[in-house]
Amino acid sequence: MSASYRGGEPVAEIVRSGFAESLHRGSVAVTDPAGNLVASIGDTGSPVFPRSSNKPMQALAMLRAGWDPATEADLAIASASHRGEPFHLAQVGSVLRGAGLGEDLLQCPPDLPSDPTARGAVIAAGAEPRRIYMNCSGKHAGMLAACAAAGWDTATYRDPEHPLQRLVIATVEELTGDRVEAIGVDGCGAPVLAVSLAGIARAFARLVEAPAGTNERRVADAMRANPKLIDGTRGPDHRMMTALPGLLAKGGAEGVHVLAAPGVGAVAVKIDDGAGRASTPVSLRALTALAGLAVPKEAKPEVDALMWPEVHGGDQPVGRLRTLL
């Protein structure tokens, strides 16, 4: 891999009232089910921070550390970027209780729920920001549970030199086939690891193609069986995995999105300007147009709504985001 991400090509534009208003550039890596790169746009070989798209690999490392979640929903919330809805908070609490740990041990920043309804309810009740509300609290709870299972220190679990984080690095390198080029601090305070888009797509293909009974497949199956836990009632990952059974989807900050479907392959997308509004449409378009995913007739309305989201003027649709793949 080269030293830094070089940027991509035009992949989406916003069309308002027939006028191309804005342009998004980005890069797209497409692999086959075996993880071989079969199509690419832009720079797919240089390192990027996958942000929360790393979470399935981090969850795999938690299992390898010896964590045995009480339910698959516990494993799903450890892989999630939740929205602080009541069922999300209950699931994070389940992970902590299962390990005999308390919310006070979480080291993600205090926050308010990002789901508008949940956030409004918290504000109306006069409640203060809490660490459990933060969208990465499921991952942090899983990390704590893994440390408890392995007998590792829970106070320093975010340290890149901690045994859990060293295991995460080894797991990411194994699944991606890349060497971790940089270690940063994610928005939640945990380490974030830089690998290539091609490597990230390869890792997701390996998760969905793993044999039943393996920890890799367990992570993929837990996420797909509990899509609402992954990014909430209104989340695109929830909507995609519900509309397309078998699909594994995980978005990340700064315009990253990764999708994988068994027997089809995987795509990893990075939008250069970090715009999340373009990452879902581009990733879906790449999986259908470049990887060849067939969309069932009954799923087409939902998939089209996600792939070509409307642009509004006043309260009326006046255009769409149009992918350029």
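The values are calculated or read from the model by the stated rules, or taken from the named source; none is laboratory data. None of the values given here were measured: they were computed from a predicted structure. All Cβ positions, glycine included, derive from the backbone under ideal geometry; neighbour counts span all protein chains shown. Protein only, heavy atoms only, side chains kept; ligands, DNA and RNA dropped before computing areas. Shrake-Rupley method; radii C 1.70, N 1.55, O 1.52, S 1.80 Å.
When all alpha carbon pairs of the range 196-236 are counted in 10 Å bins from zero, the resulting P(r) reads 29, 41, 29, 0 %.
Charges were assigned to the Cβ only: +1 to each Lys and Arg, -1 to each Asp and Glu. The resulting dipole of the chain about its Cα centre is roughly 380 debye. Count Lys and Arg as plus one, Asp and Glu as minus one, and take only other residues whose Cβ is under 11 Å from that of residue 225; the net charge is then +1. For the chain, a Gaussian network of Cα nodes joined below 10 Å ranks 81, 94, 283 by mean-square fluctuation, and the top entry is 94.
One chain, two ends: residue 161 and residue 36. Fully extended at 0.36 nm per residue, the span grows by 41.8 nm beyond their Cα-Cα distance. Using a 4.7 Å Cβ-Cβ cutoff, the cysteines of the chain lacking any partner cysteine are 147.
Rolling a 1.4 Å probe over the protein heavy atoms gives the chain an accessible area of 39 Å² per residue. In the chain, the DSSP-assigned H stretches of four residues or longer account for a calculated mean residue ellipticity at 222 nm of -11000 deg cm²/dmol, using -39500 (n - 2.57) per stretch and the full residue count as denominator. Overall, the anisotropy analysis places the range 128-172 in the prolate class: the square-rooted eigenvalues a ≥ b ≥ c of its C-alpha gyration tensor yield a/c not less than 1.5, with a/b exceeding b/c.
With a 10 Å cut-off between alpha carbons and a GNM built on the chain, which of 297, 250, 228 moves the most? Maximum fluctuation in the GNM of the chain, among the listed residues, is at 297. The alpha carbon gyration tensor of the range 42-151 gives principal lengths a ≥ b ≥ c with a/c of 1.5 or higher and a/b no greater than b/c, which makes the shape oblate.
Here residue 6 and residue 183 are evaluated by their C-beta separation; at R0 = 22 Å the FRET efficiency comes out at 0.60. Relative contact order, whole percent, for the range 156-285 stands at 16, derived from Cα pairs under 8 Å and 6 or more residues apart. FRET efficiency for the pair residue 310 and residue 68, taken as 1/(1 + (r/R0)^6) with r the Cβ-Cβ distance and R0 = 41 Å, rounds to 0.40. Taking the Cα centre of the range 161-209 as reference, the dipole from Cβ charges on Lys and Arg (+1) and Asp and Glu (-1) amounts to some 60 debye. Which stretch or stretches of the range 296-320 have amide N atoms under 20 Å from the point lying 7 Å from residue 22's Cα along the Cα→Cβ direction? The answer is 305-320. Taking the protein heavy atoms of the chain in the context of the full set of protein chains, the accessible area attributed to carbon and sulfur is 52 percent at 1.4 Å. Among residues other than residue 51 with Cβ under 12 Å from its Cβ, the summed charge is +2 (Lys and Arg +1, Asp and Glu -1). From the alpha carbon centroid of the range 247-315 to that of the range 71-96 is 24 Å. Relative to the current alpha-carbon distance between residue 97 and residue 275, full extension at 0.36 nm per residue lengthens the span by 60.4 nm. Residue 129 sits among other residues whose Cβ lies under 12 Å from its own Cβ, and their net charge, with Lys and Arg +1 and Asp and Glu -1, is +1.
Pairwise Cα distances in the range 153-284 exceed 27 Å in 19 percent of cases.
Computed over the chain with a Gaussian network model linking Cα atoms closer than 10 Å, the most mobile of 281, 301, 191 is 301.
Per the Cα gyration tensor, the chain maps to an equivalent ellipsoid with semi-axes of 30, 24, 18 Å, ordered largest to smallest.
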